[in-house]
Amino acid sequence: MNFVEELKWRGMLQDIMPGTEELLKKELTSTYVGIDPTADSLHIGHLVGVMMLKLFQHSGHKPIALIGGATGMIGDPSGKSKERNLLDEDSLRHNQECIKKQLEKFIDFSGNSENSAEMVNNYDWMKGFSFLDFIRDIGKSITVNYMIAKDSVKSRMNRDGNDENVEGISFTEFTYQLVQGYDFLHLYQNNNCKLQMGGSDQWGNITTGTELIRRKAGGKAFAITWPLLTKADGGKFGKTESGNIWLDPKRTSPYKFFQFWMNASDKDAEKYIKIFTIISKEEINTLIKEHQEAPHLRTLQKRLAREITVMTHSEDEYNKAVDASAILFGKGTKETLSKLDSETLLSVFEGVPQFKLSKTELLAEIPILDLLVEKTKIFPSKGELRRLMKDNGLSINQEKEQNTEKTFNNNDLINDKFILVRKGKKKYSLIIIVE
RNA sequence: GGGGGGGUUCCAGAGCGGUCAAAUGGGGCAGACUGUAAAUCUGUUGGCGUAGCCUUCGCAGGUUCGAAUCCUGCCCCCCCCA
């Protein structure tokens, strides 16, 4: 199965420029995907692009990851445009290195094969490009008429009609497509890169690039976009109440990462497993069938979570996450909790918010409201905690607690050291007693 | 520069002198049901020692027994015209 066919059945193909498939059949092709280096870690919103590059490499072609050091500073008018903070060069390089390490788990950068991946940063070729040179060499090749015909620009300029949300577009954002288009031209000329891929909102920007290549270099370049991911319930993919799901274990623990995929709805799991794993079509169809026959077993979620956790973190981290889940979501009673030794318990609750309490405070029979609100800040107000307890939503050491007058002492400790606080079904906090 | 509209609790958006901690919807949180799902239903959604008290309706003053609601000044946002 070739790359394009692969994308089609996986639901990862939105638009494709005519001739792209032929190009891929004809020769070893390079493609690039742009990544904003706004942080020193990727989050799962980046993962579709990463998987695109991975599949591309699998099909025998050469992927290029372009770090948008320059473009990230401008702000893309496609989609929403918040203020961009300018990165200084040091953090830019730092972010780039961190991102590369993460990409290496998915893509081969070793340089050992002719389709080994590369990483480039457009800051390298943009930083020395003067404004004057740019508008003369590049700006000359594209008409404003062409640029304002793009949806991303047009939607910001249309003042007729009834849309009152239009806020206009700054010159900087207007220029964005040209800068991104120049990236493509640069890579076309220097890296023989003839294909750019991006989310469907990038179509306009990508075609500015192919247009530029046609006019400046007389060449033909191609484009592929993937559909933007949405959740079945309409929510935004990859965000939880607590924010982004990051690939960096310091930002999002492997346990939470694993849980994110486990919690995918059935519909989403079917979609995700095609996109975020490289399991074959036959096997995925079997998995989907199994899942539909016995949905409560959640075959899809389990497999999805396994594949992607192992790929992103490691087999080891995956196993830990499974163990932790078994304790937390199995019949986790006070007894099973007590059976764990301190070390296992700590690893299970790694990544769960932890708070320290001194032994003396415990011995003073600290009241539950003081402990959970003032002492540990697990709850922001006593009113909220009272409410939650009234609704039967609080567990201490896996046992429901409704008595707001409760005080704590030695008998409430697991392993003489811990108090496990659970809010609702899934949110845990751990209080550790220190001398 | 001229004219108009507006800033309310997480968001949207009512309220326009007392019965307003402030309608309604969304979102959040929790409970029931479940499969750590979806849907549904229920409760809850400023703080506190919860009878009651305190802090909130852009900011600062004022009128009044009493103001989110009226007046004055200031700040900010949007639209139209030039």
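Residues are listed down the side, and each one gets a yes or a no for (1) surrounded by 15 or more Cβ atoms within 10 Å (Cβ to Cβ); (2) on the phi < 0 side of the Ramachandran plot; (3) in a helix (DSSP H, G or I); (4) without any contact (Cβ under 8 Å) to a residue 60 or more places away in the chain:
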{"residue": "A:374", "(1), (2), (3), (4)": "no, yes, yes, yes"}
{"residue": "A:380", "(1), (2), (3), (4)": "no, yes, no, yes"}
{"residue": "A:383", "(1), (2), (3), (4)": "no, yes, yes, yes"}
{"residue": "A:389", "(1), (2), (3), (4)": "yes, yes, yes, yes"}
{"residue": "A:402", "(1), (2), (3), (4)": "no, yes, no, yes"}
Scanning the range A:262-280 for residues that are among the hydrophobic types (A, V, I, L, M, F, W, C) and away from RNA strand B (no atom under 12 Å from the Cβ) gives A:273, A:275, A:276, A:278, A:279
Picking from A:335, A:365, the residue that is more than 12 Å from RNA strand B (Cβ to nearest atom) and without any contact (Cβ under 8 Å) to a residue 40 or more places away in the chain would be A:335
Given the conditions (1) open to solvent by 40 Å² or more (accessible area, probe 1.4 Å); (2) over 16 Å from residue A:428 (Cβ atoms), every one holds for residue A:264 apart from (1)
Inspect all residues belonging to the range A:46-59 and state whether any of them is open to solvent by 40 Å² or more (accessible area, probe 1.4 Å), assigned by TED's automatic domain parsing to the domain that holds residue A:172, modelled with pLDDT under 85 and under 26 Å from residue A:151 (Cα atoms).
no
Check your understanding: Got at least one residue in the range A:144-154 being within 16 Å of RNA strand B (Cβ to nearest atom), of a type outside the set (A, V, I, L, M) and modelled with pLDDT of 75 or more?
Key -> no
Selection from the range A:90-142 of residues among the polar types (S, T, N, Q) and open to solvent by 30 Å² or more (accessible area, probe 1.4 Å) yields A:91, A:110, A:112, A:113, A:130
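Yes or no, residue by residue, for (1) outside the structural domain of residue A:252 (by TED's automatic domain parsing); (2) of a type in the set (A, V, I, L, M, F, W, C); (3) more than 13 Å from RNA strand B (Cβ to nearest atom):
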{"position": "A:346", "(1), (2), (3)": "yes, yes, yes"}
{"position": "A:382", "(1), (2), (3)": "yes, no, no"}
{"position": "A:394", "(1), (2), (3)": "yes, yes, no"}
{"position": "A:397", "(1), (2), (3)": "yes, no, yes"}
Taking the range A:1-38 and keeping residues crowded, with 17+ Cβ neighbours inside 10 Å and more than 18 Å from residue A:225 (Cα to Cα) leaves A:37
Of the residues in the range A:195-231, those that are crowded, with 16+ Cβ neighbours inside 10 Å, of a type in the set (S, T, N, Q) and part of a helix (DSSP H, G or I) come to A:202, A:205, A:207, A:208, A:210
Expected single match for out of contact with any Cys (no Cβ under 6 Å at 6 or more places or on another chain) and modelled with pLDDT under 90 among A:117, A:65, A:39 is A:39
Of the candidates A:247, A:187, the one satisfying the condition of being within 30 Å of residue A:315 (Cα to Cα) and either away from RNA strand B (no atom under 16 Å from the Cβ) or at pLDDT below 90 (or both) is A:247
The helices (runs of 4 or more DSSP H) lying entirely within the range A:300-350 that contain at least 1 residues which are modelled with pLDDT of 80 or more and touching a Lys or Arg at 6+ places or on another chain (Cβ under 8 Å) are A:315-329, A:342-348
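Taking the conditions exactly as written (at pLDDT 90 or above and either small (Gly, Ala, Ser) or over 28 Å from the mean Cα position of the chain (by Cα) (or both)), does residue A:159 satisfy them or not?
Numbers: at pLDDT 90 or above: no; either small (Gly, Ala, Ser) or over 28 Å from the mean Cα position of the chain (by Cα) (or both): yes.
When the stated conditions are applied, residue A:159 does not pass them.
The values are calculated or read from the model by the stated rules, or taken from the named source; none is laboratory data. Everything numeric in this text was worked out from a predicted model, so none of it was measured. Methodologically, a virtual Cβ is constructed for each residue, glycine included, from the backbone with ideal geometry; neighbour enumeration extends over all protein chains shown. Note: areas computed on protein heavy atoms with side chains; ligands, DNA, RNA excluded. Shrake-Rupley method; radii C 1.70, N 1.55, O 1.52, S 1.80 Å.
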